[in-house]
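Novice: My questions all concern the structure below.
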Amino acid sequence: MPRDPAEEPPEGHRARSRIAAAVRAASHLLPAQGPIGVFIHHNTLHAFEAEPFESAVVTAGRRYGCEPFWPHERYLEQLKLGRIREADVSQIISSELGGPQGAEQSAIFAGSVTRGELWQRLACAAPAEHAGPELGWVLAETDALERYRAESRLAPAEHAWQVRELWDVCLERVRELPQPPPEEGSSSCPLGARSHLDECVNPLLVRFLGAYFDQGLAYWPMAAREAGLLECFRKVYLAPGLPEVAPWFGRARELLRESAQGGGAECDPADALELLQQSLEALGVPEQHFEEYLTQAALSLGGWAGLIHQVELRPERLPHVAVPAKLADFLALKLLLDRAVAEARAATGGSGTLERATGGAATGGAATGGAVNVPAASKADAELARAFRLFNACQLCGVETAVLRGLSVDALSEFDAELASFDDVARRRVLHLAYELHLRQRAYSALLQRTAPSPSAAAHPAAAPPAAAHPAAQYQVLLCLDEREESLRRHLEEVSPGVETYGVAGFFGVAMNFRAQGAARHRALCPAAIMPAHSVAEARPETAPGEAVKGSAVKVASSVRENQHWGGNTLVRGALVSVLLGLLSLVPLVLRVLFPGMLARGAAGRAQGFKTVEQVGAPELLLEGSYTPAEMADVVYEVLRTAGLATPSRTPSRLVLVLGHVARSVNNPHQSAYGCGACGGAGGGPNARVFAQMAQNPRVRELLAERGLVIPEDTWFVGGEHDTTRDTIAFFDTEALPPEAAQEFEIAVKALEQALMRNAQERTRRFDVGVLSPERAARHAAFRSQDLAQPRPEYNHATNALCVVGRRERTRGLFLDRRAFLVSYDPRGDEDASLLRELLLGVVPVVAGINLEYFFGSIDNQGYGAGTKLPHNITGLVGVMNGALSDLRTGLWAQTVEIHEPVRLTLVVECERHTLLRLVDAEPRLRQLVYNRWLVLAALAPEAARIWELCTVRASRARNAAPGASGANAVHWEEAHVTEPLVSVGPNSAAWFLGKSGHLAFAEISPARDSARGESATLRPPAVSTPSAPQGAERA
Amino acid sequence: MSRELVLTLGVLCCVAAPLVLFLVLAASGLFGRPLAEPATARAARGAMLVSALGSLIAIAAFVSLGARVQVLDFGTWFSSGHGAFAMRLLVDPLSLAFSGLATTLCGVVAAFSGRYLQREPGHLRYFMLFAAFAGGMQLIALAGSMEVLFAGWELVGLSSALLVAFFHTRSAPVQNGLWVFAVYRLSDAAMLAAAVAVHHHVGSGDLSLLFSAGDSAAIVSPQLATLVAALLLLSVACKSALLPFSGWLPRAMEGPTPSSAVYYGALSVHAGCYLLIRAAPLLEQAPLVRIAAAVLGAVTALYATLVARVQADVKSSLAFAALSQVGLIVLEIALGLYTLAFVHLVGHACFRMLQLLSAPDALRGHEQLSAVHAETGRQYAALPAGARRWLYAFALERGFLDAALQRWVVRPFRRVTGALNTVDRWLVGGRSPAARAAKPPEPRK
């Protein structure tokens, strides 16, 4: 077989490269989720990032058959709840239409209604668009023709005939209008056409792929997997003597056999591209549709295809068994089976031609999909629907029957066209933008009113001017920038005002492959984009003296465990286990289900009661070989400097706690998604521990001192791990602390214990368990993490909306409701913004990935997310499917996004705005995210309480713009103003959140609210503009 | 209070509590005042607790009575001619033990589901169906007449199919629910036929006679015994997923995890086995059916254990592993090892339920197990290469059972009904405009 392209005839070569390109193109559209044990949050629509957000969601929605925004009704609920206000909607409409005085805005319809008003009314009222039989039902069975709808602006009808008259006039007038141009065949469901091929082929592929990628679930592993997908498939399904029950299966075996012999005279098996070419030819797919056909084929099993592509890119992500995977192989298989089904059907005479057998999929389903799915609506039906739309709009805008009757045909036609163009998607878009705007303005207001313009740490007046050796901070805590740590930091600061907290990426600069003591393999503990160059392991336990005894004990233990797991599943051992031990499993069954609290106490509680902070003895870290002192110094220097802990005014205090985070729960296949995003979904504890040991290393400190970062000799770094589900902390290596540091550590532990319990209390407000005391809340959190029946051990990143990069002083004392990623950065001492560049490049993709995955998971959970997790079934240890047979479910499950508010991230950076824009302009990755509005960028002035938002100027109204046409939006800064006063509550956060379970407004928590009134007032910006300030003017 | 009365009350609690729960939940939904989630969950827990307590009381009363069998009559629902629908329960150690097992496991699942289904759309529907199931299991366990048995059988079957289709906004659960429903209908039909045959020849569906060692031989002829036993075996084969109906078992895993656990891990799959143990005296008079049962059990066990070995997803592998034990239990019954079979049944139900409830934990379990994994599949490695390949593909495709059913049962059946439909439309209203307008979409091939 000609493998070398140079030897091939040019014609074949061209087709091959065309197919290869089509495979590549298809691969971009697949979900980028690898094996489920390493869950990495990413933008679900990563393939569309080059397009502006607002058009991308529509394009992608069409591609995947998903929704671009929430359903209209859901926004109306938010309108009722006050999460959107009518003023926000009008502000969005006005800015969409080029300002309040713009010509577009003030165009008049139906005699008196401006376009702005029309949009506003249509958007803020329940949608009432019906067509076909549904409309018939509405007209016949509801009171639509008897009374005006509730939102109507017309004077209430005294008689039903008045309503009827309006309807009759609407019908009459619509008949005068010219017919609208026929709708283009836009397919709402691009994959519909191939469904019957998939019905036959996909179950077989799902079973095969599950076993092929199996990492250790099946008792008999599949053979010959190392030969690759295609070859392995041949090995399995060409087993001699298999019954060929379904005709297509017989045909598939023939094709496989042929392909094993190679396409031509040579006896090499055909490779993927060759097979693809043959199948595409046989299916009669014209060359210009190759890409479309392959994309549809891949998306019909998108979860698996995506996994295969991910494994192809990062084979090391498979946890236990390495298996080769190529997307081209998968597609070749898929098409071969498609072809077998089509040919078998053609042969049995079901349909005459192959073309018909494939249901037109061959000629590109998108072209036929629309025509097939939508029955041609008759002219009368279309007229009725149009009239009803008009009828509805007249009521909403208060257009009287007489006015309607008097409109000229041109005016009426314009009115009707406007109604048609401001369609469902456009209305939802406006509402969505208003929804985002509202939250953003609240965030800006809070930041503007809270932030202290003075560079000195005025947030806690106890802070004295920086001393030479130690600043006033009692101790410092480095945590992950994760938004779940926002509340812990706040509570800790409330409990012990002398503390300083810093948010850094949770891998603490330590990008490593880590192997825990009991683990079989290394695991990468760093952001997904980094390939770690260092490997660190925990020391194996010493087995010198009683090695043999211990070894056999381990063997016995593991064989017991093996039997527990496997034994029950085989015939004989299963029978023995059932008969002899079966009844005994009632004990764990009843205990674990009815009394998980007992187990939780057993696991977490000690004799003296429940403890939220413990000190664990961890095995020794083998650090020396993997990092040189210079490399360690680099890591420590980078992290401390960026966080602002190595400035002239601020140096490490006597005790620095470094806290990674992890989330442990049971019966949760998605556990990795709850872990630390900066550690590839694993726990960041080892990173914190390694970092602390690095900073503790005397040689490293010497090197740091040479660079000007002096860490006093009596400063101690202690690493630990915060379990965000249980709200507990485990500290490592505390036995080495000298007495005076140990004393300070004790104080810190006391404060942390308090803070953790309060944090648990804040988290439980979301859980439907009523108001709990901090202690009981902490117990409840522990209980949840041990509960087999608990689908929501915690809410993970839900409600994330904001990211503040800057000094903690700018946010300290603000109740941010666990919505804000807080990244510590001190602009002073970083005049060239080089630290900021590195920081943003590292942090923004991770944070935006989390935010956007939650965004789309919430917008369309069934399409972009994984649906409810209740029927999820782990397959091959690489993913989950629904029940016993479905595609892999990727993305986020319903239980974790149910309280999420899908808003794009607002990234507020404490930096001069011109510096910031220069920086963003220079980095293509950031530029694309910012300019295409996948996040909203704002600059917080370092020396003043002022915020500017970076706004893009729309070239034309997005609904008119061709998708993908724009790419170079022009940008400008607009200053944000205070739109609502900041509520100040005290003495701690509980006063604000206790007893409330919904979303809370941002608020100021002032410990001494009454006594320090005057002082805190000085922190406020002098003038607070009223909420009713002309919002349009702000934007102009 | 006499001990008989206590026994009656206990048994009544046992059976009635879930049925009352079902009625309350159904009524609250029907009249547009659905119970709130916490109230529903609390009611379910309460009803299951009452049921379990009733079971305990009944057991205590029964032991203190020292009787071998007690028949409790709750009157006649209706009668026509010489046939009567007798509401009769049969209390003996076997029925009390199975009823106790059912209340215990249902109680555990009720508690589990209360938390697991929090905030899930369809919360009320789930608990309503679950209550129907729990009541149905009690009826099966304690049935004293064919009619009561049939009622229980129906409740279990219907709630089962509806819970498989619980997530009815996606198409797969609904399709699979339909598949399960179709198999269960066959099971019900066989059961109904058995009931009719018994009624016709014996005059009553009294199980205390039919299923008791002494009386059974006296009242049924060998031919009738063979017929009824065969029908029961068919019914059991459908209900317990014996060959060739095994294909529905993995499909039934579409529902929420706890319902999968209690139906297909614990109770529903074993209901058939229980019925066979119950019907042992009848079975003993029908040696041919016994042989058939033995063969069916053995072949199913071998088939299921083979298939279970290669399944790479947790729930399928557990479903087939459970089926292999069910096959063994049927074999044990056919061999006359009733006590062993019952102990096996109880132990297996508890064990499998624990496994299924913690199925989503497999990922965590394997972190610790990864080192051990290499040792599995030793017998497989010892097989000759050709046999290995054939067995593997055969097992991965689950013996091509579904495809065979599709080709040789479903398709001919659909062809026949399609043809009948065409004839029907041609005869009745083919030419009327209304019928033409209401032409159904072309059936999928």
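Novice: What is the calculated FRET efficiency for A:Ala402 to B:Trp426, with r their C-beta to C-beta distance and R₀ = 56 Å, to the nearest 0.05? Before the final figure, lay out the partial values.
Specialist: Working: r = 56 Å, r/R0 = 1.00.
According to the calculation, E is roughly 0.50.
Novice: From a point 7 Å beyond the Cα of B:Ser64 in the direction of its Cβ, which residues of the stretch B:1-35 have a backbone N at a distance under 17 Å?
Specialist: B:1-13
Novice: A 32 angstrom limit on the alpha carbon distance is what I want to check against. Which of A:Lys334/A:Lys379; A:Lys80/A:Lys869; A:Lys235/A:Lys869; A:Lys235/B:Lys239; A:Lys750/A:Lys996; A:Lys80/A:Lys750 exceed it?
Specialist: Values: A:Lys334/A:Lys379 42 Å; A:Lys80/A:Lys869 30 Å; A:Lys235/A:Lys869 35 Å; A:Lys235/B:Lys239 36 Å; A:Lys750/A:Lys996 27 Å; A:Lys80/A:Lys750 44 Å.
Violating the 32 Å Cα-Cα cut-off are A:Lys334/A:Lys379; A:Lys235/A:Lys869; A:Lys235/B:Lys239; A:Lys80/A:Lys750.
Novice: On to the next question. Under a point-charge model restricted to the Cβ atoms of Lys and Arg (+1) and Asp and Glu (-1), what is the dipole moment magnitude of the protein assembly as shown relative to its Cα centre, in debye to the nearest 20?
Specialist: Rounded to the nearest 20 debye, it is 2920 debye.
Novice: Have a look at the stretch B:1-83 and give its Rg and Dmax from the Cα atoms, expressed in angstrom.
Specialist: Over the stretch B:1-83's Cα set, Rg and Dmax evaluate to 16.6, 49 Å.
Novice: Right, something else. Given the options A:Ala575, B:Leu96, B:Gly327, identify the residue whose Cα lies farthest towards the positive end of the charge dipole of the protein assembly as shown (+1 on Cβ of Lys, Arg; -1 on Cβ of Asp, Glu).
Specialist: B:Leu96
Novice: Classify chain B: rounded, prolate or oblate, from the alpha-carbon gyration tensor (a ≥ b ≥ c, eigenvalue square roots; a/c under 1.5 rounded; otherwise prolate if a/b is larger than b/c)?
Specialist: Cα axes put chain B in the rounded bin.
Novice: Taking the full set of protein chains and a 1.4 angstrom probe, give the accessible area of B:Phe31 in square angstrom, rounded to the nearest 10.
Specialist: So the heavy atoms of B:Phe31 present about 150 Å² to solvent.
Novice: Once the piece of chain linking A:Leu581 and A:Leu841 is laid out straight, how much longer is it, given 0.36 nm per residue of separation minus the C-alpha distance between them?
Specialist: The A:Leu581-A:Leu841 span can extend by a further 88.0 nm.
Novice: What Kirkwood Rh does the stretch A:61-104 have if only Cα atoms enter the pairwise 1/r average? Answer in Å.
Specialist: Kirkwood hydrodynamic radius for the stretch A:61-104: 12.4 Å.
Novice: Among B:Leu318, B:Leu396, B:Thr257, which residue has its Cα positioned farthest towards the positive end of the charge dipole of chain B, with +1 placed on the Cβ of Lys and Arg, -1 on the Cβ of Asp and Glu, and the dipole taken about the Cα centre?
Specialist: B:Leu396
Novice: Let me ask you something else. Extending each Cα 7 Å along its Cβ direction at A:Ser834 and A:Ala150, get the distance between those two points in nm, one decimal.
Specialist: 6.3
Novice: Cα-based Rg of the stretch A:606-681 per 2.2 N^0.38 Å, rounded to two decimals?
Specialist: Taking N as the residue count of the stretch A:606-681, the ratio is 1.52.
Novice: Moving on. What is the Cα coordinate range of the stretch A:21-84 on the first, second and third principal axes, sorted by size from largest, in whole angstrom?
Specialist: 48, 30, 19
Novice: Taking the Cα-to-Cβ direction at B:Trp77 and at A:Asp768 and moving 7 Å from each Cα, how far apart do the two end points lie in nm?
Specialist: 3.5
Novice: In deg cm²/dmol, rounded to 500, what helix-only [θ] at 222 nm does the protein assembly as shown give when every DSSP H run of at least 4 residues adds -39500 (n - 2.57) and the total is split over its residues? Mind dumping the intermediate values first?
Specialist: Numbers: 61 runs with 787 residues, N = 1481.
Helix contribution divided over all residues of the protein assembly as shown: -17000 deg cm²/dmol.
Novice: I've got another one for you. Between B:His200 and B:Thr339, take the C-beta separation as r, use R0 = 45 Å, and let me know the FRET efficiency to the nearest 0.05. Show your work: numbers first, answer last.
Specialist: Details: r = 33 Å, r/R0 = 0.74.
The calculated FRET efficiency here is 0.85.
Novice: Another question, if that's okay. Could you run the Debye sum over the Cα atoms of the stretch A:69-143, one equal point scatterer each and no solvent, and tell me log10 of I(q)/I(0) at q = 0.24 Å⁻¹, two decimals?
Specialist: -1.04
Novice: Based on the Cβ-Cβ distance of A:Arg707 and A:Ser17, what FRET efficiency does E = 1/(1 + (r/R0)^6) give at R0 = 51 Å, to the nearest 0.05?
Specialist: On the way: r = 52 Å, r/R0 = 1.02.
Computed FRET efficiency for A:Arg707 and A:Ser17 comes out at 0.45.
Novice: How much of A:Phe993 can a 1.4 Å solvent probe reach, expressed as accessible area in Å² and rounded to 10?
Specialist: 0
Novice: Which one of A:Ala777, A:Gln743, A:His722 has its Cα pushed farthest toward the positive end of the charge dipole of the stretch A:718-783, where Lys and Arg give +1 and Asp and Glu give -1 at the Cβ?
Specialist: A:Ala777
Novice: Under a crude label model (7 Å from the Cα following the beta-carbon direction), how far is A:Arg175 from A:Glu158 in nanometres?
Specialist: 3.0
Novice: Still on this structure, I have one more. For chain B, return all DSSP H helices satisfying: extent of Cα atoms along own axis at least 20 Å; mean Kyte-Doolittle hydropathy at least 1.6.
Specialist: In chain B, the long hydrophobic H runs are B:3-30, B:222-239, B:287-310.
Novice: From Cα coordinates alone, what are the radius of gyration and Dmax values for the stretch A:572-716 in angstrom?
Specialist: My reading of the Cα-based Rg and Dmax gives 22.7, 73 Å.
Novice: To check my understanding: the extent here is largest minus smallest coordinate of the Cα atoms along each principal axis. What are those three numbers for the stretch A:842-950, in Å, largest first?
Specialist: If we take the Cα atoms of the stretch A:842-950, the spans are 58, 27, 20 Å.
Novice: Based on the Cα gyration tensor of the protein assembly as shown, what are the three equivalent ellipsoid semi-axes, each the root of five times an eigenvalue, rounded to whole Å and given largest first?
Specialist: 54, 43, 36
Novice: Sticking with this structure for a sec: In the stretch A:285-302, which residues have a backbone nitrogen under 17 Å from the label point lying 7 Å from B:Gln406's Cα in the Cα-to-Cβ direction?
Specialist: Within reach of a label on B:Gln406: A:301.
Novice: Residues of the stretch A:105-131 with the amide nitrogen closer than 16 Å to a label point 7 Å from the Cα of A:Asp423, along Cα-to-Cβ, please.
Specialist: Flagged as within label range: A:128-131.
The values are calculated or read from the model by the stated rules, or taken from the named source; none is laboratory data. What you see is a predicted model, and the numbers here were worked out from it, not measured in a lab. Reconstructed Cβ throughout: ideal geometry from the backbone, glycine too, with neighbour counts over all protein chains shown. Calculation scope for accessible area: heavy atoms of the full protein, side chains included, ligands and nucleic acids excluded. Shrake-Rupley method; radii C 1.70, N 1.55, O 1.52, S 1.80 Å.
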